[in-house]
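The values are calculated or read from the model by the stated rules, or taken from the named source; none is laboratory data. Not measured: the values here are computed from a predicted model. FYI the Cβ positions are ideal-geometry reconstructions off the backbone, even for glycines, and counts take in every protein chain you see.
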Amino acid sequence: MDEAARYIDFLTSRCLDVAAGKSLRVVYRVDGSTDLSETILDHLEGYRGSRPVRLGNGAVNQLQLDIFGELMDSIYLYDKYGAPISYDLWKSLTWLLDWLSDNWHRPDDGIWEVRGGRQCFVFSRMMCWVAFDRALRMANKRGLPAPWTRWEDARTAIYEDVMANGWDAKRGIFVQHYGAPYLDASNLLMPMVKFIAPTDPRMLSMIQATRKLLVSDSLVRRYDPACAAPDGLIGDEGAFSLCTFWWVEALTRSGHLREARLTFEKMLTYANPLGLYAEEIGQSAEALGNFPQGFTHLALISAAYNLDRALDDPRAINARAELPLLGPP
């Protein structure tokens, strides 16, 4: 709880720095500053020749609308389980949501920070819905002042927009971005953020398609780089550890407990001796990308917690039957 409180203090400081009519940055330094301009070090070849070597982060100038959903969900959970937030923070949040109500429809750069141009990413739209949903819940619970009609209208409009333009009925999938015919593993988070029921027919169809198109020996790719939105990066990439844990939780919540348990136990074998994960797992099971990646470990904890809780349910007796660690589901 102490660490969570310090994190909320950091978010509070960033929110209080934002004036009315303005927006948050995508990324900050740990001291709260925003000097993250990106430069390329041509004289370095990088790990195993993985040029270019960069300082800074070009994402600081990107538009990633999903950050508002992550922000509001974090603050909502802390307000519920930690300590009530201050009125000054709430006032800053209302300014941010006012900005979002005017801008949620804009194409953005998405959770994966693609460098191939902005799109109407389904995940970004969904997280905008989360932002308004959590704000309305907090206002209702705490009796905080809020422009109810405007926020409710925005929440409804976003939901209907995603269902109308983000769902491909022919393929039975939520697409990566509007007009695209392909999958993105980030949409597995839909039931986790309560956007859709985990057993909704659309979600079950998504799970079936993900299993077929993005899963290989239990490991999950975030998307198919050959056909998805251009990410501005050359070469192939491995399976995403984060997405594999999302996959475990999606399976768990939809009732596929035996497959979820097997996938989770197999994934544990890819950690290093200290139990740490890299961002990606290569074709030869090598660790690739950021290491260790905090995002992946948050997903691991969430997947483990929810799988354990599901397996403790008396109705899950068949899923608790002994399984060989690497045997068939």
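Structure notes:
- Residue match in region 282-298 (condition: within 27 Å of SER74 (Cβ to Cβ) and in contact with a helix residue (DSSP H, G or I) (Cβ under 6 Å, 6 or more places away or on another chain)): yes
- The criterion of being at pLDDT 95 or above and not small (Gly, Ala, Ser) holds for GLU160.
- Hey, THR39 of a type outside the set (A, V, I, L, M, F, W, C) and in contact with a strand residue (DSSP E or B) (Cβ under 7 Å, 6 or more places away or on another chain) or not: yes
- Cross-chain or 6+ apart pairs with Cβ under 6 Å, region 136-158 first and in contact (Cβ under 8 Å) with a residue 40 or more places away in the chain, then of a type in the set (Ser, Thr, Tyr): MET138/TYR76; ARG150/SER101; ALA154/SER101
- Sole residue being of a type in the set (Val, Ile, Thr), in the same structural domain as LEU307 (by TED's automatic domain parsing), part of a helix (DSSP H, G or I) and under 30 Å from ALA157 (Cα atoms), chosen from THR252, THR263: THR252
- Residues in region 76-107 that are out of contact with any helix residue (DSSP H, G or I) (no Cβ under 6 Å at 6 or more places or on another chain), assigned to a helix (DSSP H, G or I) and closer than 22 Å to ASP153 by Cα: TRP90, LYS91, LEU93, THR94, TRP95, LEU96, ASP98, TRP99, ASP102, ASN103.
- Yes/no for PRO328 being at pLDDT 85 or above, assigned by TED's automatic domain parsing to the domain that holds ASP217, loosely packed, with under 14 Cβ neighbours inside 10 Å and assigned to a loop (DSSP other than H, G, I, E, B): no
- Selection count, region 66-119, where residues are within 21 Å of the chain's Cα centre (by Cα), surrounded by fewer than 20 Cβ atoms within 10 Å (Cβ to Cβ) and among the small types (Gly, Ala, Ser): 3
- The residues of region 285-300 that are free of Cβ contacts under 8 Å to residues at least 12 places away in the same chain and over 23 Å from VAL53 (Cβ atoms) amount to a single one, LEU298.
- Across region 13-58, the number of residues qualifying as in a helix (DSSP H, G or I) and either aromatic (Phe, Trp, Tyr) or in the same structural domain as TRP112 (by TED's automatic domain parsing) (or both) comes to 1.
- Candidate set from region 197-210 (those that are surrounded by 15 or more Cβ atoms within 10 Å (Cβ to Cβ) and more than 18 Å from the chain's Cα centre (by Cα)); member that is nearest to GLN283 (Cα to Cα): ALA209
- Only listed residue being farther than 30 Å from ARG6 by Cβ, small (Gly, Ala, Ser) and in a helix (DSSP H, G or I), chosen from ALA135, ALA157, ALA131, ALA139: ALA157
- Residue check, LYS194 on the phi > 0 side of the Ramachandran plot and surrounded by fewer than 15 Cβ atoms within 10 Å (Cβ to Cβ): yes
- When each of GLY116, GLY166 is tested for being under 28 Å from VAL27 (Cβ atoms), out of contact with any helix residue (DSSP H, G or I) (no Cβ under 6 Å at 6 or more places or on another chain) and in contact (Cβ under 8 Å) with a residue 24 or more places away in the chain, the lone residue that passes is GLY116.
- Residue match in region 235-252 (condition: in contact with a Phe, Trp or Tyr (Cβ under 7 Å, 6 or more places away or on another chain), surrounded by 22 or more Cβ atoms within 10 Å (Cβ to Cβ) and small (Gly, Ala, Ser)): yes
- Hits in region 256-294 (condition: surrounded by fewer than 16 Cβ atoms within 10 Å (Cβ to Cβ) and either of a type in the set (Ser, Thr, Tyr) or under 19 Å from ARG315 (Cα atoms) (or both)): THR269, SER284
- Residues of region 173-191 that are surrounded by 15 or more Cβ atoms within 10 Å (Cβ to Cβ), in a loop (DSSP other than H, G, I, E, B) and not charged (D, E, K, R): GLN176, TYR178, ALA180, TYR182, MET190, PRO191.
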